[in-house]
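Colleague: Below you'll find the structure I mean.
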There are 2 protein chains.
Amino acid sequence: MNMETLPIDEILKRNQLSVTDSRKKILELFKEHNGALAHSDIEKKTDEKFDRVTIYRTLQTFVEKGIIHTIPTPDNAVLYALCKDGCSSTGHHHDNHVHFVCDHCNVTYCLDSVVTPEVKLPQGFKPKVIDVVVTGICNNCEV
Amino acid sequence: MNMETLPIDEILKRNQLSVTDSRKKILELFKEHNGALAHSDIEKKTDEKFDRVTIYRTLQTFVEKGIIHTIPTPDNAVLYALCKDGCSSTGHHHDNHVHFVCDHCNVTYCLDSVVTPEVKLPQGFKPKVIDVVVTGICNNCEV
DNA sequence: AGAGATTTGCAACAGAGTTGCAGAATCTTT
DNA sequence: AAAGATTCTGCAACTCTGTTGCAAATCTCT
């Protein structure tokens, strides 16, 4: 499914979700925002119009449906970002791209073009998922 | 500093830390345990002999001194493991090894022998730290 | 428009982590 | 070895993040 071009209502319907204000608004935020969002970001950006609990449940639902995915960060905060094509809706995302956290503007990017590198593990270790998080300066903050 | 061979009291003294029961015990746990520990693990393994707050502060102090380092995990829990040689005591660890979380036994390993792979970033992105967390089956749980 | 399913908001709770402060332990100095 | 200064610990209280149960509101479908 191509989230980039599909209207918001359509994305929700195709995932068998009721079209509600909170879901529309939160999904809209993700489409507008070029980067990952934390729960607190969403709370602020929606002007506290929705209950905390609603936001938590909406995010949970979106993750389950494969609309968004979570990003592990070095400081152990939970971030969410829109999934691109190829994410399954079973919760097992093919989330094989690199994430980048900017030290300066603090924005987290999904670098979809950068594929997770191979890692050679010691004998007996069998990898399933490889998460790569790069911290540094992004192309907006670069001088 | 070589943490592997140095006696516990010596490690504390060299980091200008008072030698106290809690610090000795917690450091001992890290030396005995071949893997990462969470705050809750330490609470259990010390038989609740020390206050939660003391454990938090001890871990914080150890991180600041470069004795242990934190590990980012996919499920956003905070884990700690002993630093090897080369960790600075300024908080900027040269923590350039891969971490491995076993799906089965749930142990987290520092794979010191596995060096973080290079990642090619898009124009303008300047990397500083690269965190790699691999999830899978470890060499103990392998059939 | 109305029945039935889904979703929301509230309240209450659980867990993780932090802060201030008084008392206890440790270190330093003699 | 003991006093004084410094550092550390434990308690209480608090914040922040996330979860659960339930009644009321909203949405879907015909």
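The values are calculated or read from the model by the stated rules, or taken from the named source; none is laboratory data. Everything numeric here is computed off the predicted structure, so don't read it as measured data. Positions of Cβ are generated from backbone atoms using ideal geometry, with glycine treated the same way; all protein chains shown enter the neighbour counts.
Colleague: Within the range B:69-88, is there a residue that is modelled with pLDDT of 95 or more, in a loop (DSSP other than H, G, I, E, B) and more than 14 Å from chain A (Cβ to nearest Cβ)?
Modeller: no
Colleague: Give me the residue from the range B:95-129 that is of a type in the set (Ser, Thr, Tyr) and without any contact (Cβ under 8 Å) to a residue 40 or more places away in the chain and, out of that set, farthest from the other protein chains (Cβ to nearest Cβ).
Modeller: B:Thr116
Colleague: Okay, next question. Count, please, the residues in the range B:130-143 that happen to be in a loop (DSSP other than H, G, I, E, B) and facing another protein chain (nearest Cβ under 7 Å).
Modeller: Within the range B:130-143, residues that are in a loop (DSSP other than H, G, I, E, B) and facing another protein chain (nearest Cβ under 7 Å) number 3.
Colleague: Given (1) closer than 30 Å to A:Val107 by Cβ; (2) without any contact (Cβ under 8 Å) to a residue 12 or more places away in the chain, identify the lone condition not met by B:Val132.
Modeller: Unmet condition: (2).
Here is a yes/no grid of residues against (1) within 12 Å of DNA strand D (Cβ to nearest atom); (2) buried (at least 16 other Cβ atoms within 10 Å of the Cβ):
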{"position": "A:Leu17", "(1), (2)": "yes, yes"}
{"position": "A:His33", "(1), (2)": "no, no"}
{"position": "A:Arg57", "(1), (2)": "yes, no"}
{"position": "A:Gln60", "(1), (2)": "yes, no"}
{"position": "A:His69", "(1), (2)": "no, yes"}
{"position": "A:Ala81", "(1), (2)": "no, yes"}
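Colleague: Hey, another quick one. Name every residue in the range A:35-50 that is more than 14 Å from DNA strand D (Cβ to nearest atom) and closer than 26 Å to A:Asp112 by Cα, in order of residue number.
Modeller: Within the range A:35-50, A:Gly35, A:Lys45 qualify.
Colleague: Okay, next question. If a residue has to be assigned to a loop (DSSP other than H, G, I, E, B), near DNA strand C (Cβ under 10 Å from one of its atoms) and surrounded by 14 or more Cβ atoms within 10 Å (Cβ to Cβ) to count, how many in the range A:35-55 make the cut?
Modeller: Residues that pass the stated criteria total 2.
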